[in-house]
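J.: Next up is a structure, given as structure tokens.
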Amino acid sequence: MHFDLPDLRLFIHIAESPSLTQGARRAFLSPAAASARIKALEAQLDSRLLYRDSRGVELTPAGERLLHHARLIMRQVDYLKSEFTDYGADAAGHIRIFANTTAVTEFLPEVLAGFLAERPGVSIDLQERLSRDIVRGVLDGSTDLGIIAGPVEVSGLQVLHFSTDRLLLAVPKNHPLADRQQVTLRDTLEYQHIGLHEGSTLLSFLREQVEKLGTKLSLRIQVSSFEAICRMIEAGVGIGIIPESAAQRHSRTMQLTTIELNEPWAVRERSILVRDLEALPGSVRALIATLMPERDSKTP
């Protein structure tokens, strides 16, 4: 059985697009040419790969299996190309990262800025995803690495711990809880919260914890960043649960009081998820070494 790499890349584009037309456009093909190639691929595999209707395309079970393998194959091809560039093994290539909200907004921008400044041949696609999507993305090869907070219980992945953070409650200086040394999540629920936007990892996580208590999180307003949450808290709009790293930075310029959360899930281990560290291209391993300098110094 023979596979053409352009056909596999076309199939990935279509699978990741809402329609065959848009997938074809990403592959720089006409819709008719793209349709003919997919039909030829289906004939070769003797399996239907896509359901087509007026709303777009949907993968069949066979299509889902092919997508998984096609992503892995094309990513390995990209890895191979990056290893044989004029820049060197770790100075060129494209890296895709799926990460949680805290990573995307708090520490990755600074880390990636320095990393990219030293490697003009590297480009990065950073996407904020929910924890389950980060795990799934690493498993199916749709991302090179994932950055996640909290425990990871899944086989087939390497989990590399690189730092620890904790969640705190932030309140205005004159808030009724401001004098408390510790609070539980239940203690906070009689007050309105300031939350992140829909789809953020932290908001989804907090809602899960609140649902376990048999109630719902009361949100006064949702904003796009931890800085915006802190500004709202400072103005007396509500209270918010944020990472300690964000609280420390913004409390330098804002009037906030932070209180320890007496919850087992408040302390969170940050980890990098990969399928196989040694199989990654040099640019990805170099980024991991940047995030984990202590580990890199211990590597013989």
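Only the coordinates and a few stated rules stand behind these numbers; no lab work does. Because the structure is a prediction, the values reported are computed rather than measured. Counting neighbours? That spans all protein chains shown, and the Cβs are built from the backbone with ideal geometry, glycine included.
J.: Distance between the C-alpha centers of region 1-52 and region 164-197? Whole Å please.
T.: Comparing the Cα centres of region 1-52 and region 164-197, I get a distance of 51 Å.
J.: Taking only C-alpha pairs under 8 Å that are 6+ residues apart, what is the relative contact order of the chain in percent?
T.: Values: 481 pairs, mean separation 61.9, N = 300.
With pairs under 8 Å counted, the relative contact order is 21 percent.
J.: If one computes the Cα centroid of region 198-277 and of region 114-163, what distance in Å separates the two points?
T.: Here the two parts' Cα centres lie 21 Å apart.
J.: For region 5-80, compute Rh as the Kirkwood radius over C-alpha pairs and then the Stokes-Einstein diffusion coefficient at 37 °C and 0.692 mPa s; write the answer in µm²/s, rounded to an integer. Walk me through the numbers on the way to the answer.
T.: Numbers: Rh = 12.3 Å.
Answer, rounded: 267 µm²/s.
J.: Give me the distance in nm between label points sitting 7 Å out from Cα along the Cα-to-Cβ direction at residue 68 and residue 174, one decimal.
T.: It works out to 5.9 nm between the two label points.
J.: Starting from region 171-227, pick out the trypsin sites (Lys or Arg not before Pro) whose DSSP state is loop and whose Cβ has at most 13 other Cβ atoms within 10 Å. Spell out each step's value before the answer.
T.: Numbers: sites: 173, 180, 186, 207, 212, 216, 220; in loops: 173, 180, 216.
In loop regions of region 171-227 (DSSP not H, G, I, E or B), the sparsely surrounded trypsin sites (Lys or Arg not before Pro) are 173, 216.
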